[in-house]
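Everything on this sheet refers to the single structure shown next.
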Amino acid sequence: MKLLHTADWHLGQIFFGYDRKPEHLQFIEWLKHQIRNLSVDVLLIAGDVFDTPNPSAESQRLYYKFLRETINENPRLQIVIIAGNHDSAARLEAPNPLLEEMNITVRGIVKRTAEGYIDVNHLIIPLTGGGKTEAYCLAVPYIRQGDYPETENYAHGVKKLYETLYQEVKEA
């Protein structure tokens with residue numbers, strides 16, 4: 001299985017008055033080329049797709065155009081997108097009903113079960129190749145206060161969440 005991992009795109013960023021759109025356009029073309037030429041099975045976009053939680057329409061168009069074109073050119077490609085601290089978790093997840101039809105999975109929110117426990121299955125994404133699961137992605141978005149198990153501090157809560165996810169996958 002070939003997995004290509006990217007992160008921190010920061011689409012829409014204006015850096016000290018410099019619009020980074022030309023860089024983003026060049027990066028996206030380069031990435032599409034790599035996916036095609038390397039016969040990538042899974043593309044992982046791990047956080048900070050956008051530079052702000054309320055990205056411009058232009059930035060969103062660029063993102064969705066990339067997803068559509070990439071899947072059209074690589075129909076067996078699986079894409080996993082995880083929200084970062086710059087992203088709006090809910091905004092990133094909102095189009096999931098459409099994206100899932102294209103083999104694109106987005107995780108932005110740490111969901112809870114009806115009993116109030118973290119829904120670990122929501123954060124465990126099977127990565128498939130040739131019709132079978134070959135690996136798992138622990139798709140943990142940026143952890144905000146209240147997203148992790150109750151513990152004495154943030155670090156222990158995050159550690160406990162990852163341990164729980166790892167144990168769940170190990171038993172699968």
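All conditions but one from (1) in contact (Cβ under 8 Å) with a residue 24 or more places away in the chain; (2) not in a loop (DSSP other than H, G, I, E, B) apply to Thr52; the one that does not is (2). Within segment 44-56, identify whether any single residue is of a type outside the set (A, V, I, L, M, F, W, C), at pLDDT below 95 and over 19 Å from Tyr142 (Cα atoms), and answer yes or no. Yes: one or more hits. All of (1) modelled with pLDDT of 85 or more; (2) touching a Leu at 6+ places or on another chain (Cβ under 9 Å); (3) farther than 16 Å from Leu3 by Cα; (4) among the aromatic types (Phe, Trp, Tyr) hold for Tyr142 with one exception: (2). Collect the residues in segment 38-54 that are of a type outside the set (A, V, I, L, M) and over 21 Å from Glu100 (Cβ atoms), keeping them in residue-number order. Ser39, Asp48, Asp51, Thr52, Pro53, Asn54, listed by residue number.
Being surrounded by 19 or more Cβ atoms within 10 Å (Cβ to Cβ) and among the β-branched types (Val, Ile, Thr) is a property that Ile79 has. Among what's in segment 3-37 and is at pLDDT below 95 and basic (Lys, Arg), pick the residue that is nearest to Glu69 (Cα to Cα). In this case the residue turns out to be Lys21.
Given Arg112, Arg91, Arg107, which one is of a type in the set (Lys, Arg), surrounded by 13 or more Cβ atoms within 10 Å (Cβ to Cβ), farther than 21 Å from Leu3 by Cβ and in contact (Cβ under 8 Å) with a residue 12 or more places away in the chain?
Just a single option satisfies the conditions, and that option is Arg91.
Only residues that are part of a helix (DSSP H, G or I), touching a strand residue (DSSP E or B) at 6+ places or on another chain (Cβ under 8 Å) and either basic (Lys, Arg) or within 18 Å of Gln78 (Cα to Cα) (or both) were counted across segment 120-172, and they come to 2. Is it fair to say Asp48 is within 20 Å of Gly108 (Cβ to Cβ), surrounded by 13 or more Cβ atoms within 10 Å (Cβ to Cβ) and acidic (Asp, Glu)? Yes.
Condition check ((1) in contact with a strand residue (DSSP E or B) (Cβ under 7 Å, 6 or more places away or on another chain); (2) under 21 Å from Cys137 (Cα atoms)) across all residues:
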residue: Ala7; (1), (2): yes, yes
residue: Lys65; (1), (2): no, no
residue: Ala89; (1), (2): no, yes
residue: Ile118; (1), (2): yes, yes
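The set of residues in segment 78-118 being of a type in the set (D, E, K, R) and either out of contact with any Gly (no Cβ under 7 Å at 6 or more places or on another chain) or not in a loop (DSSP other than H, G, I, E, B) (or both) consists of Arg91, Glu93, Glu100, Glu101, Arg107, Lys111, Arg112, Glu115.
The values are calculated or read from the model by the stated rules, or taken from the named source; none is laboratory data. Bear in mind the structure is a predicted one, so any value in this text is a computation, not a measurement. Here Cβ is always computed from backbone atoms with ideal geometry, including for glycine, and neighbour counts include all displayed protein chains.
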